[in-house]
Amino acid sequence: MVSLEVERGEIFGIIGPDGAGKTTLFRILTTLILADNGTVEIEGKDVVKEYKEIRKEIGYMPGRFSLYQDLTVEENLNIFAKVFNTSIEENYSLIEDIYKQIEPFKNRRAGQLSGGMKQKLALSCALIHKPTVLFLDEPTTGVDPVSRKELWEMLKRLKEQNITILVSTPFMDEASMCDRIALMEHGRFLQVDTPEHITGQFSHDLWAIRSDNMSVLLSDLRAMRSVRTCFAFGESHHVTFRNNVSDIVNLEKLLKSKGHSSVLIEQTKASVEDCFMDLTYKF
Amino acid sequence: MESIGKTGIFNSEIVISADKLTKKFGQFTAVNEISFEVRKGEIFGFLGANGAGKTTAMRMLTGLSHPTSGSGYVAGFDIYTESEQIKKNIGYMSQKFALYDDLKVWENIRFYAGIYGVPNKEIEPRTEALLNKLGFEKERNSLVKSLPLGWKQKLAFSVAIFHEPKIVFLDEPTSGVDPLSRRNFWEMIYDAADRGITVFVTTHYMDEAEYCNRISVMVDGKIEALDTPDNLKTQFNSSNMNDVFYKLARNSTRNSD
Amino acid sequence: MMCFINWHVIQPVILTDMKTFLTFVKKEFYHIFRDRWTMIILLILPIMLMLLFGFMMSTEVKNVRFAIYDPSRDVATHAIADKMKLNEYFIFTGYLDSPEQIDEIFRKGEASLVMVFNNRFYDNMVHTGDAQIQLIADGSDPNTASTFTLYASNIVASYQQDLMGDMKIPYNIQPELKLLYNPTLKGTYSFVPGVMGMILMLVCAMMTSVSIAREKEFGTMEVLLVSPMKPIQIILSKVVPYFFLSVINLTTMLLLSVYVLDVPVTGSLSLLISISLIFILVSLALGLLISSMVDKQMIALLISGMVLMLPVTMLSGMMFPIENMPWILQIIANIIPATWYIIAVKKIMIQGLDFFSVFNEFLILSTMAVVMIGVSIQRFKYRLE
């Protein structure tokens, strides 16, 4: 059971791992499947009764870049333009920015494009009829970091055109690109808010700790009674303590006595991923 | 970071070596003279943009594809002539095709153990030990498709190293997994590396790249950077690996896989 | 839920969205032409099957080795034997001395047909009208055996006809009904309708269901559904290309049949084309029906291949006569549209019968078409579950 409201011109992120229910939620929102309970309205229209109206107004990019693999870039775009009773020329300004990057390959078949280019083509196709609401289901899955970054920049520019964007992603670090996010797991929203509010509400002080032996450090920290949670987090481990105010000087001494060198302990700001783990961790 | 787990890594024996390894498909050079060495017990991150040639390089190293030129040795065997030997000494796991969804947990273990020639009488006790370690005793008879994704991944990794290979190749092993499972998974990787298994891993999560001892970044078929995460960050004047990657790969001219 | 078969919806779709529609049809043709295997299946396979069946049949019945046991050895038996020897389908291996040799010659494989005349054949024929010829065939291949036995009996019949002309004696001859419509003894005849039914079914049902399943598999169907395109449009755009292709196939098959296999269209060509178009519609509807049940290309292929093609070839009367089947199979055979189509084509093309003789088949196929198109449009899901 989930509830959400998305404002016009907002980038709303639904963030959660595979199996959280993101795709199902998107399919309900895009009138593709019926919810067992509850109602959805898009632009004031009911997804069950007025699905035909809604289908004219929304753009949808399913999780697996649904393109005709054996058709060329241009043919794909043309087809999707025709589906929405429009032409490439009519709304070219909207997609120009994105399409320009793949235009040199317009005679190449979609099946032969790289992940990043497929993503751009699929996005162009979803935008060709100038939708008011854009649904992007995991647009960054299976795409390299460069293309991911480019996609988010494109979405930022679309937002300026007053297009409402709902996007789902399993990458927690992409949360910061959204105006508001919903953290989702097991078909439920854990929290819905702006990324800043979510990270601001992190319940404990968060410390980043590193030493020259990270895997031993992980088990040493977890063995300490004062440690509440300890997770590997890139170059350092992120740690919260039970009593919140911890004796950092003592901790450093303790770690050195256990044979750790170049110990570095500093307070850090929680990321959305820290929050997600804190919300899902079973103590 | 260069000393995750142990300090002696950089003196241990070389288990993977590639020298000017090249693969051409007609006019197209998918992999262009890549050279590197990976040592025993090392966690080696193999990064690159889509279409940079990672998959092709991995295929050559795992004996699935013949190089056009250059030389390579995996677990001491020549990738040109001894691919059968190589296959016996490596484990492989990709997110997509790691386990059979319609087989039970123990059947999957049994199947892979059989493929890799684990002696019959060892399979039973080791399966027992593995299920114990993973806490999967109750799931022994569950179909794999009924398991949560994070569990599947753990199981797939355990199965890939069940025959105690010298090297395990992991192709985007954690994609789509929730953050807690992702960390559990990396702890298993550390554990395997501590036991001396070399881990060769590709990932799209740049924070995971930080867990590796060394990272190579492929761009347009070439290895453009190869060093420890810390050194790379210093070299590219970046605060995180995401930025390093972006600086390296944004000028890629290659557009197709 | 709501249903889309109502003319108010269909009409504006056809009139105003012609451009969208044509783009889609064009796209469908791209799919077909860009996949070599689809192309082969669609356009080359019909030709190959026609030629294969055609030539297989004509070589099979050629060079049938036969022997004669003739205790009579009179004018009539010699005349019949000569007629047999001259026929291009038969090769004479020799006279037998005793009936016991028949078994032996079959076992050795030296001949597959033995012609046995009774004693005093000519006398009996002229005086009692009761001359007997026994045609004994090697039945290890019953299909060929029955074919060449028919050929042989036709030769005997033609001799009787010769006699009738000479002697002006009204013999009471009952010609074999089947041979009447097959005067040049071409085995190809019975296969042409069967192959036509099979090919049209294959192209229509299999290709339509696979192409829709493919859209589901690649996720493009999701996007189409979440668009203002109406389900009826999606269906039509899938159906029209395969309808055209089937018409092309129908044309090639008829041309091949007439000019290469020498099987003319005896009856009305327009009647034949009309019933073929109705059958194509039925098959397309079947394809749509299958695609509404599955969402994987593989399964669509298996269902249309195994569940559809098998009964069509085995039960439609194309290979085995329906009358000889157990009742349960006869019932199934009667449900299969191809059965009716094949019967109708046989009647029109080979027997040259008129509309009233195939009225039943027309009625049945038309009803099937209407019902199945209705059901498949109704069943087409405009949501994803």
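The values are calculated or read from the model by the stated rules, or taken from the named source; none is laboratory data. Fair warning: this is a prediction, and the values are worked out from it, not measured in the lab. Cβ atoms come from the backbone with ideal geometry, glycine included; neighbour counts cover every protein chain shown. What goes into the accessible areas is simple: the full protein's heavy atoms, side chains included, and nothing from ligands, DNA or RNA. Shrake-Rupley method; radii C 1.70, N 1.55, O 1.52, S 1.80 Å.
Brief remarks on what is shown
- Within the range A:15-42, the set of residues being within 14 Å of chain B (Cβ to nearest Cβ) and either open to solvent by 30 Å² or more (accessible area, probe 1.4 Å) or closer than 19 Å to A:R180 by Cβ (or both) comprises A:I15, A:G16, A:D18, A:G19, A:A20, A:G21, A:K22, A:T23.
- Single residue of the range B:8-51 satisfying the filter (within 14 Å of another protein chain (Cβ to nearest Cβ) and free of Cβ contacts under 8 Å to residues at least 40 places away in the same chain) that is surrounded by the fewest Cβ atoms within 10 Å (Cβ to Cβ): B:G26
- Top-ranked residue in the range C:307-331 [being open to solvent by less than 70 Å² (accessible area, probe 1.4 Å) and of a type in the set (A, V, I, L, M); ranked as modelled with the lowest pLDDT]: C:M318
- Counting only helices (runs of 4 or more DSSP H) that sit wholly inside the range A:51-104, those with at least 1 residues that are under 19 Å from C:Y30 (Cα atoms) are A:73-83.
- No other residue among B:V38, B:V31 is touching a Leu at 6+ places or on another chain (Cβ under 9 Å), of a type in the set (A, V, I, L, M) and in a strand (DSSP E or B) apart from B:V31.
- Output for the range A:203-221, where each listed residue is open to solvent by 30 Å² or more (accessible area, probe 1.4 Å) and more than 14 Å from chain B (Cβ to nearest Cβ): A:S203, A:H204, A:D205, A:W207
- Within the range B:192-203, considering residues that are in a loop (DSSP other than H, G, I, E, B) and open to solvent by 10 Å² or more (accessible area, probe 1.4 Å), the one farthest from the other protein chains (Cβ to nearest Cβ): B:G196
- One residue stands out in the range B:169-191 among those that are among the aliphatic types (A, V, I, L, M) and crowded, with 22+ Cβ neighbours inside 10 Å: the one that is nearest to the other protein chains (Cβ to nearest Cβ), namely B:V177.
- Exactly one residue out of C:K216, C:K230 is open to solvent by 10 Å² or more (accessible area, probe 1.4 Å) and at pLDDT 85 or above, and it is C:K216.
- Search result, residues across the range B:228-246 that are surrounded by fewer than 17 Cβ atoms within 10 Å (Cβ to Cβ) and under 22 Å from the mean Cα position of the chain (by Cα): B:D230, B:N231
- For C:S268, the conditions (1) closer than 16 Å to C:M196 by Cα; (2) modelled with pLDDT of 85 or more; (3) not β-branched (V, I, T) are fulfilled apart from (1).
- Single residue of C:S304, C:S291, C:S270 found to be farther than 17 Å from C:F191 by Cα, polar (S, T, N, Q) and surrounded by fewer than 16 Cβ atoms within 10 Å (Cβ to Cβ): C:S270
- Against the conditions (1) assigned to a loop (DSSP other than H, G, I, E, B); (2) under 26 Å from B:F44 (Cα atoms); (3) touching a strand residue (DSSP E or B) at 6+ places or on another chain (Cβ under 8 Å), B:F157 satisfies every one except (1).
- Filtered by the rule that a residue be open to solvent by 10 Å² or more (accessible area, probe 1.4 Å), away from chain A (no Cβ under 14 Å) and more than 15 Å from B:A192 (Cα to Cα), the range B:130-164 gives B:N132, B:E137, B:K138, B:E139, B:R140, B:N141, B:S142, B:L143.
- Identity of the residue in the range A:172-187, in a strand (DSSP E or B) and more than 14 Å from chain B (Cβ to nearest Cβ), that ends up most open to solvent (accessible area, probe 1.4 Å): A:R180
- Within the range A:222-264, restricting attention to residues that are in a strand (DSSP E or B) and away from chain B (no Cβ under 14 Å), the residue that is nearest to B:D207 (Cα to Cα) is A:T240.
- Selection within the range A:188-217 - outside any loop (DSSP other than H, G, I, E, B) and of a type in the set (G, A, S): A:G200, A:A208, A:S215
- The range A:106-128: number of residues that are outside any helix (DSSP H, G or I), under 11 Å from A:I95 (Cα atoms) and either at the interface with chain B (Cβ under 9 Å from one of its Cβ atoms) or touching a Leu at 6+ places or on another chain (Cβ under 6 Å) (or both): 0
- Any hit, the range C:166-185, residues being of a type in the set (V, I, T) and modelled with pLDDT of 75 or more: no
- For the range B:52-77, filtering for residues that are more than 16 Å from the chain's Cα centre (by Cα), closer than 27 Å to B:P119 by Cβ and surrounded by fewer than 19 Cβ atoms within 10 Å (Cβ to Cβ) leaves 1.
- The residue that is modelled with the lowest pLDDT, counting only those in the range B:80-136 that are on the phi < 0 side of the Ramachandran plot and of a type in the set (G, A, S), is B:A98.
- Qualifying residue in the range C:336-349 (condition: open to solvent by less than 70 Å² (accessible area, probe 1.4 Å) and farther than 23 Å from C:M253 by Cβ): no
- Taking the range A:123-146 as the range and being polar (S, T, N, Q), closer than 29 Å to B:F46 by Cα and open to solvent by 10 Å² or more (accessible area, probe 1.4 Å) as the test, only A:T141 passes.
- Test: residue in the range B:207-221 that is acidic (D, E), closer than 19 Å to B:S17 by Cβ and open to solvent by 10 Å² or more (accessible area, probe 1.4 Å): no
- Within the range C:322-347, the set of residues being touching an Asp or Glu at 6+ places or on another chain (Cβ under 9 Å) and either of a type in the set (K, R) or free of Cβ contacts under 8 Å to residues at least 12 places away in the same chain (or both) comprises C:Q330, C:K347.
- Checking each residue in the range A:48-64 for being among the charged types (D, E, K, R), under 25 Å from the mean Cα position of the chain (by Cα) and more than 7 Å from chain C (Cβ to nearest Cβ) picks out only A:E57.
- Test: A:H260 is on the phi < 0 side of the Ramachandran plot and open to solvent by 40 Å² or more (accessible area, probe 1.4 Å): no
- The set of residues from the range A:66-91 being facing chain C (nearest Cβ under 9 Å), open to solvent by 20 Å² or more (accessible area, probe 1.4 Å) and closer than 23 Å to A:L151 by Cα comprises A:Q69, A:E75, A:N78.
- Counted residues, the range C:233-267 - those being over 29 Å from A:V83 (Cα atoms), of a type outside the set (D, E, K, R) and surrounded by fewer than 17 Cβ atoms within 10 Å (Cβ to Cβ): 8
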